[in-house]
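J.: Just dropping this structure here.
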Amino acid sequence: MDIPIIFESIINNWPVILLFFTVAILYASVGFGGGSSYLAILALTGIVFTQIRATALLCNIAVVSSNVFFFSQQKKINWKKVLPLILCSIPFAYLGGYVKISQQFFFILLGSTLMFAASTMWFSKRIIASEGKKNASTKLKNIGFGSIIGFISGMVGIGGGIFLAPLLHLTNWDTPKKIAATASVFILVNSLAGLIGQYSSPDFYVDWNSTAILLVTVFIGGQIGGGIRNTYYTPVQLKKATALLIAFVAIRILWISI
């Protein structure tokens, strides 16, 4: 990596860096990686769309790795229930990352994905706050959840937590704490699988000078978000503000692409 180029990149892209830092804090505080918002931000920067997916996945990995470590230390990960989800999601996330798609299809899929993410985040107060009773989880249901979400996540370039967590909450899959832990594991595994799939594709490309800056930024933001989560934090208002931003970007992307 070229140090002068890195400093120049920081100066030229400080708004993007600041947004990534904010997103990492916000998402890490509720156990997510932030892939959908990273995509939203990068989609408006004009960089090559194939690089957008790889960068978002790398940032996901940087944020949720510490989340998984924390939840594991707290014994919040129910591996018996989590394994069917992630074992089925891995090959499908790899396939999704490997699939070669056109730029127009990518942005249409991205816009639709972000609209879904914005909707789930807007209604997150009910989803996050509701403890409810746990429903019995079947392996077949977990396999279905993992496979479908894994493929879409790998194709778009996110970890899938933004899809999985609301779905698990709405089906009373487990307690909110354990669902957040499950989402973190799911995001980490799918981000790795999707990144490997993209790396196997001839279109794979990453500008490591700019990406390294973003990785350091989101890692620091993720540590702060994790600290907030460990104390006292109500993310509803911030999440709704972020949902509005994502929805705006999604509409803009779809308007340009369709």
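The values are calculated or read from the model by the stated rules, or taken from the named source; none is laboratory data. Remember, predicted model here, so these are calculated numbers, not experimental data. Glycine gets a Cβ as well: all are built from the backbone with ideal geometry, and neighbour counts include every protein chain shown.
J.: In the stretch 73-92, which residues are assigned to a helix (DSSP H, G or I) and without any contact (Cβ under 8 Å) to a residue 60 or more places away in the chain?
T.: Once the filter is applied, which keeps residues that are assigned to a helix (DSSP H, G or I) and without any contact (Cβ under 8 Å) to a residue 60 or more places away in the chain, the stretch 73-92 yields Gln73, Trp79, Lys80, Leu83, Leu87.
J.: Identify the residue in the stretch 139-161 that is modelled with pLDDT of 80 or more and of a type in the set (Val, Ile, Thr) and, among all such residues, is nearest to Leu87 (Cα to Cα).
T.: Of everything passing the filter in the stretch 139-161, Ile143 is nearest to Leu87 (Cα to Cα).
J.: Right, here's the next one. If I go through the stretch 198-216 residue by residue, how many of them are among the hydrophobic types (A, V, I, L, M, F, W, C), assigned to a helix (DSSP H, G or I) and over 15 Å from Ile61 (Cβ atoms)?
T.: The total comes to 1.
J.: From (1) under 17 Å from Tyr94 (Cα atoms); (2) buried (at least 24 other Cβ atoms within 10 Å of the Cβ); (3) of a type in the set (S, T, N, Q), pick out the condition that doesn't hold for Thr182.
T.: Single failed check for Thr182: (1).
J.: Any idea which residue in the stretch 162-197 is modelled with the lowest pLDDT, counting only those that are assigned to a helix (DSSP H, G or I) and of a type in the set (D, E, K, R)?
T.: Checking each candidate, the answer is Lys177.
J.: In addition: Tell me whether the stretch 53-65 contains one or more residues that are touching a residue at least 60 places away in the same chain (Cβ under 8 Å), more than 19 Å from Gly194 (Cα to Cα) and not polar (S, T, N, Q).
T.: no
J.: Continuing with the same structure: Taking the conditions exactly as written (in a helix (DSSP H, G or I), at pLDDT 85 or above and touching a Leu at 6+ places or on another chain (Cβ under 6 Å)), does Phe219 satisfy them or not?
T.: no
J.: Of the residues in the stretch 18-46, how many are without any contact (Cβ under 8 Å) to a residue 40 or more places away in the chain and in a loop (DSSP other than H, G, I, E, B)?
T.: Residues in the stretch 18-46 being without any contact (Cβ under 8 Å) to a residue 40 or more places away in the chain and in a loop (DSSP other than H, G, I, E, B): 2 in total.
J.: Let me spell it out: the conditions are (1) polar (S, T, N, Q); (2) farther than 15 Å from Ala193 by Cβ; (3) surrounded by fewer than 23 Cβ atoms within 10 Å (Cβ to Cβ), and Ser36 meets all of them except one. Which number is the exception?
T.: Status for Ser36: all satisfied but (3).
J.: Collect the residues in the stretch 28-53 that are touching a Pro at 6+ places or on another chain (Cβ under 8 Å) and among the hydrophobic types (A, V, I, L, M, F, W, C), keeping them in residue-number order.
T.: Matches in the stretch 28-53: Val30 only.
J.: Let me confirm something: among Lys125, Lys80, which residue is charged (D, E, K, R) and at pLDDT 80 or above?
T.: Criteria check complete, one pass: Lys80.
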